[in-house]
1. (1) surrounded by 15 or more Cβ atoms within 10 Å (Cβ to Cβ); (2) part of a helix (DSSP H, G or I); (3) within 16 Å of the ligand (Cβ to nearest atom): which one isn't true of residue 222, the others all being true?
2. With respect to residue 227, is the statement that it is without any contact (Cβ under 8 Å) to a residue 40 or more places away in the chain and out of contact with any Asp or Glu (no Cβ under 7 Å at 6 or more places or on another chain) true?
3. Given the options 97, 175, name the one that is over 28 Å from residue 222 (Cα atoms), open to solvent by 70 Å² or more (accessible area, probe 1.4 Å), modelled with pLDDT of 95 or more and more than 9 Å from the ligand (Cβ to nearest atom).
4. Being under 25 Å from residue 150 (Cα atoms) and touching a Gly at 6+ places or on another chain (Cβ under 6 Å), is that true of even one residue in segment 19-35?
5. What helices (runs of 4 or more DSSP H) completely inside segment 1-101 contain at least 1 residues that are closer than 24 Å to residue 225 by Cα and over 13 Å from the mean Cα position of the chain (by Cα)?
6. Tally time: how many residues in segment 30-53 are open to solvent by 20 Å² or more (accessible area, probe 1.4 Å) and either aromatic (Phe, Trp, Tyr) or under 28 Å from residue 177 (Cα atoms) (or both)?
7. Within segment 118-130, is even one residue away from the ligand (no atom under 14 Å from the Cβ), crowded, with 22+ Cβ neighbours inside 10 Å and modelled with pLDDT of 95 or more?
8. Given (1) crowded, with 18+ Cβ neighbours inside 10 Å; (2) within 20 Å of residue 24 (Cα to Cα), where does residue 135 come up short, assuming only one miss?
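The values are calculated or read from the model by the stated rules, or taken from the named source; none is laboratory data. Note that the structure is predicted; figures quoted are calculated from it, not measured. Cβ placement follows ideal geometry from the backbone for every residue including glycine, while neighbour counts extend to all protein chains displayed. Just so you know, the surface numbers come from the protein's heavy atoms only, side chains and all, with ligands and any DNA or RNA stripped out. Shrake-Rupley method; radii C 1.70, N 1.55, O 1.52, S 1.80 Å.
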Amino acid sequence: MTIVKQDILGLNFDNLTMEEALAKGEALLEGDRAAVVVTPNAEIAYDACKNEEFRDLLNRADLMLPDGAGVVLAAKLRKTPLKGKVAGIDFAANMLQVFARRGTKLYLLGSKPGVAEQAAEKMREKAPGLVICGMADGYFKDEAPVIEKINEAGAEALFVCLGAPKQEKFMFNHQSELTTVRLMAGLGGSLDSFAGNVKRAPKWMIRMNLEWLYRLCKEPKRIGRMMRLPKYVLRAVFTKKK
Ligand code: UDP
């Protein structure tokens, strides 16, 4: 399978369907090191436009999924269209089935205390047979003991849900120390969603690319952050191609 990378305002997104992303995810599980999956949405991609260090970090990922309609729209406006949105949370939910089938040991890291436990329960319901080998909340001071616990658990897959850019820094800073992990993904607030604390938009809104509007209505204080979405799209229109 050849997957083409598409440069969208400096970020090298993988241009693939969900099926291709899952196949790639499964192939990475067969590798000999901890591969990194990143899932920038338009807000994060906008931050990356402004911050070269963050952009370079994201571009080191083995798999970069376009999380959200904003990135897909920007790609279209740049005349380098992507096959479609591959939301991090949907990728993660589908990978649970892959892990269950293969007996891959999954570790959950992030969110407030108690959330990962709730998420684990829901995940086991969704993917019977899933092995969750450990979990820890995302509010720790020292990273070393966290790495140690993940290694001791023999985790092969790791969901890192600390928000951006904390989760990306965590993954790349510790990539070589995570000796048993083969696939790790930065997934923002996904554990809150799995746990059921944050509801996703109704299906029709997701279909019509209106998930952002749903989130804004639920959490109006996100408006500051969400303004990055139109700014990102404007940047896609007005930035000259190199
Ligand atoms: N979080 C965490 N540790 C921190 C900061 C945040 O575990 O030090 C968690 C937070 O509880 C939430 C997630 O990271 O579950 C961030 O979610 P958000 O939707 O803001 O992610 P983003 O949009 O930044 O990817």
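1. So the condition that residue 222 fails would be (1).
2. Yes, satisfied.
3. 97
4. no
5. 42-50, 52-59, 69-77
6. Total meeting the criteria: 11.
7. Yes, the conditions are met somewhere in segment 118-130.
8. All conditions pass for residue 135, except number (2).
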